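The values are calculated or read from the model by the stated rules, or taken from the named source; none is laboratory data. Computed from a predicted model, the values in this text were never measured in an experiment. For neighbour counting, all protein chains shown are included, and Cβ atoms are generated from backbone atoms with ideal geometry for every residue, glycine included. Accessible surface areas use protein heavy atoms only, side chains included; no ligands, DNA or RNA. Shrake-Rupley method; radii C 1.70, N 1.55, O 1.52, S 1.80 Å.
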Amino acid sequence: FLLEPDLKNGRGGLRDLDVVFWATRAAHRSADLDDLPGLGVLSHRELAGLRAADEHLWRIRQARHRRAGRRADRLGFEEQEELAQAFGFQDAATLGVEQFMHTVYRHARAVATTTDAVLERLVPETARRVSHLMEPLPEAPGLVLFEDRVSVRDPTVLERQPELLVRAFRVAAIRGSS
């Protein structure tokens with residue numbers, strides 16, 4: 001997955017950007033990413049990094065789609081050199097394709113680390129201190145209820161079971177909680 005990254009579903013990909021957007025929207029009822037620094041969810045630097053990554057990853061993904069003539073989210077070896085040239089990366093002290101992939105990895109790393117930080121910041125401090133008071137939700141294994149909020153006991157479980165995030169939104173909507 002590191003050598004041929006998935007631009008949409010891979011770690012640090014466009015799906016992680018969606019997670020940041022939807023999680024902050026659910027927590028703060030704000031659909032505008034520019035509001036997030038003022039809410040303490042993102043720093044201005046993190047927001048700028050997410051915006052740059054979003055633009056870069058989308059440009060590459062769209063170029064992949066155009067070249068393949070269909071949906072193509074994986075950045076395979078055979079496309080990397082061609083896309084590096086198309087995006088203006090030229091061989092110098094380092095090969096153009098290596099410069100291109102370094103840029104892809106840098107953006108993916110920024111998205112991944114910022115996503116982790118945002119999800120951690122969205123966990124209420126009281127929930128971190130008193131996780132033993134969390135009530136398991138029988139209708140949604142893996143999810144808990146704390147102070148009328150649907151959550152997970154351990155945020156790292158989302159790395160193993162990302163589908164829990166969607167289930168959490170569904171359960172919260174049905175219960176009328178956040």
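Among the criteria (1) charged (D, E, K, R); (2) closer than 21 Å to D116 by Cβ; (3) modelled with pLDDT of 90 or more; (4) surrounded by 13 or more Cβ atoms within 10 Å (Cβ to Cβ), the one R45 does not fulfil is (4). For the subset of the range 59-78 comprising residues that are within 11 Å of M101 (Cβ to Cβ) and surrounded by 15 or more Cβ atoms within 10 Å (Cβ to Cβ), which member is modelled with the highest pLDDT? The extreme case among them is I60. The number of residues in the range 95-109 being of a type in the set (A, V, I, L, M) and open to solvent by 80 Å² or more (accessible area, probe 1.4 Å) comes to 1. Among the residues of the range 1-27, those that are buried (at least 17 other Cβ atoms within 10 Å of the Cβ), more than 13 Å from the chain's Cα centre (by Cα) and in a helix (DSSP H, G or I) comprise A26, A27.
Select from the range 66-115 the residues that are within 12 Å of H56 (Cβ to Cβ) and of a type in the set (S, T, N, Q) and list them in ascending order. Correct list: T103 only. Looking for something outside any loop (DSSP other than H, G, I, E, B), open to solvent by 80 Å² or more (accessible area, probe 1.4 Å) and of a type in the set (V, I, T) - is there at least one such residue anywhere in the range 156-177? The answer is yes, given that some residue of the range 156-177 is outside any loop (DSSP other than H, G, I, E, B), open to solvent by 80 Å² or more (accessible area, probe 1.4 Å) and of a type in the set (V, I, T).
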